[in-house]
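Single-structure report; data block below.
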Amino acid sequence: MRRTVPHMMLAAFLINVIGYPANAQTCSFTEPASPLCDNPRVIPGEVGQHVVLMDANSSGVLGDYCGQQVSNVVYFEITPQADVQISLSTCHPATTYDTVMIAWAAFGQGCNMLVEVGCNDDTLTEECVNGCSGRGSTISFGAVGGTRYVIGIGAYGDNQAGCNLCLGLIATIGEPCGDAPTNLDCSLAKELPGSSGSHIAQTDVTDAFTLPSEPIPFCSGPPIGNSVWYTSVPEENGRIVATTCNSVTNYDTVMAMYSGVCGVVLNQVTCIDDSIDVVCANGCNPGAPRGSVVNSLVQKGDRYYFQVGSYSENVAMCGPRLCLKFELIHVPCPADVKLNGQVDAGDIAELLGFWGQSYDPADLDGNGIIGAGDLAAVIGNWGGCP
């Protein structure tokens, strides 16, 4: 009987993947090792990014992969639903040791009649320097729909380096709707440019989860799920706009913006659940304003973080894949409240519409209330933006 662990359970497995002690020989998540080739960890075969986090310390299985002696072998299985390209990678921030990976096509029951389709020891890219010794491994191959593929992953050289054997495996099947959700904490936040203009990142967040150590967005109400992080350092004083309102994002988002130092203190600058603009009706509930937009003044050289999660842990059951397009816009013209490249009558109309209220995008003097100081800032910057 093969074991399948649904992605919804991963949040219960992970307590903290940041800062493993080098030789503690335990991992801070509890998905057990899958040391039996006849009882592998099953990864779903549908198109998308699939992430598995596993403690391989308890596996006593030895092997010989790519001509290298390996230990602590764990096994996985994928049966794609159609002919697709499959890419496998242990270059995940949770992986803490030097891996060797092999993949076979299985034409018999269990682990009989295995035909090798790929094998890799070290992949020489920066993101694969992910353990206390050596590198992660990647394999890519064309898969036939309905064919069962078995994957074996072991520790290089019988783990003579004494690394903690915590494994993060990314399985990319076909053409996913974004990158794998490796940016699951502020310390792993995906860096976006600080130059003026629009910068975009797309992430398949289906297998993302929210760490217990994460701050709670003050606008979220119920706990968020499927959390991912982005970060940027503006090159100029101005305004920053972050949005999930687009045709790619297909679920109800909550977004919080922070300043400060990750791992020390984060200050929540602003937070938004649902934005009312019609373009934000991008969730699985037709017509509902489910996207999020934050809009805030920023200072040159300061680092800002953006936490994006699903409302109430995706209570609406959007999917099956949760696709996020995160757009960050640096606007070097703070008085351009309407974001049309001009400081003009439209910006004054926006101020008057929120006069006497708290409205961060138009609070140009930073006193918390839309008033005469904000109006003076618009008039003082009248005309085209630089």
| the range 102-135, subset among the charged types (D, E, K, R) and in a helix (DSSP H, G or I), residue surrounded by the most Cβ atoms within 10 Å (Cβ to Cβ) | E127
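Among the residues of the range 252-267, how many are more than 20 Å from T206 (Cα to Cα) and assigned to a strand (DSSP E or B)?
8
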| message | Need a quick list: strands (runs of 3 or more DSSP E) entirely within the range 27-77 having at least 2 residues that are touching an Asp or Glu at 6+ places or on another chain (Cβ under 8 Å). | response | 41-43, 48-55
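The rows are residues; the columns are (1) crowded, with 21+ Cβ neighbours inside 10 Å; (2) assigned by TED's automatic domain parsing to the domain that holds G134; (3) in contact with a Cys (Cβ under 9 Å, 6 or more places away or on another chain).
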site: G45; (1), (2), (3): yes, yes, no
site: L53; (1), (2), (3): yes, yes, yes
site: L62; (1), (2), (3): no, yes, no
site: C66; (1), (2), (3): no, yes, yes
site: Q69; (1), (2), (3): no, yes, no
site: V74; (1), (2), (3): yes, yes, no
site: D83; (1), (2), (3): no, yes, no
site: I86; (1), (2), (3): yes, yes, no
| Residue among R303, R290, R321 that is buried (at least 17 other Cβ atoms within 10 Å of the Cβ), among the basic types (K, R) and touching a helix residue (DSSP H, G or I) at 6+ places or on another chain (Cβ under 9 Å) | R290
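Looking only at the range 152-190, filter to residues that are part of a strand (DSSP E or B) and charged (D, E, K, R); which one of those is farthest from R321 (Cα to Cα)?
Filtering the range 152-190 down to residues part of a strand (DSSP E or B) leaves 152-156, 166-173, 179, 190.
Still in the list and also charged (D, E, K, R): 179, 190.
Working: D179: 12, K190: 20 Å.
Ranking the qualifying residues of the range 152-190, first place goes to K190.
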| query | Can V42 be described as over 25 Å from V228 (Cα atoms), at pLDDT 95 or above and within 26 Å of the chain's Cα centre (by Cα)? | reply | no
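Given the residues S140, S89, which is the only one that is in contact with a helix residue (DSSP H, G or I) (Cβ under 9 Å, 6 or more places away or on another chain) and within 16 Å of G174 (Cβ to Cβ)?
Details: S140 fails: in contact with a helix residue (DSSP H, G or I) (Cβ under 9 Å, 6 or more places away or on another chain).
One residue alone meets the criteria, S89.
Every residue in the range 268-323 that is assigned to a strand (DSSP E or B) and either farther than 30 Å from V51 by Cα or among the hydroxyl-bearing types (S, T, Y) (or both), please. Working first, answer last.
Of the range 268-323, the ones assigned to a strand (DSSP E or B) are 268-272, 293-298, 304-310, 323.
Within the range 268-323, V269, T270, N295, S296, L297, V298, Y304, Y305, S310 qualify.
Can you pull out the residues in the range 228-246 that are closer than 22 Å to D179 by Cβ and either aromatic (F, W, Y) or in a loop (DSSP other than H, G, I, E, B) (or both)? Outline the logic, then answer.
First pass over the range 228-246, keeping only residues closer than 22 Å to D179 by Cβ: 228-233, 240-246.
Within the range 228-246, W229, Y230, V233, T244, C245, N246 meet the criteria.
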| remark: In the range 193-240, residues that are closer than 22 Å to T172 by Cβ, of a type in the set (V, I, T) and surrounded by fewer than 18 Cβ atoms within 10 Å (Cβ to Cβ) total 1
| field | Any hit, the range 246-259, residues being of a type in the set (G, A, S) and surrounded by fewer than 20 Cβ atoms within 10 Å (Cβ to Cβ) | value | yes
| query | Of these, Y149, Y97, which one is assigned to a loop (DSSP other than H, G, I, E, B), buried (at least 23 other Cβ atoms within 10 Å of the Cβ) and touching a residue at least 24 places away in the same chain (Cβ under 8 Å)? | reply | Y97
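The values are calculated or read from the model by the stated rules, or taken from the named source; none is laboratory data. Predicted model, so just to flag it, every value in this text is computed and none were measured. Every residue, glycine among them, receives a Cβ derived from its backbone with ideal geometry; neighbour counts consider all protein chains shown.
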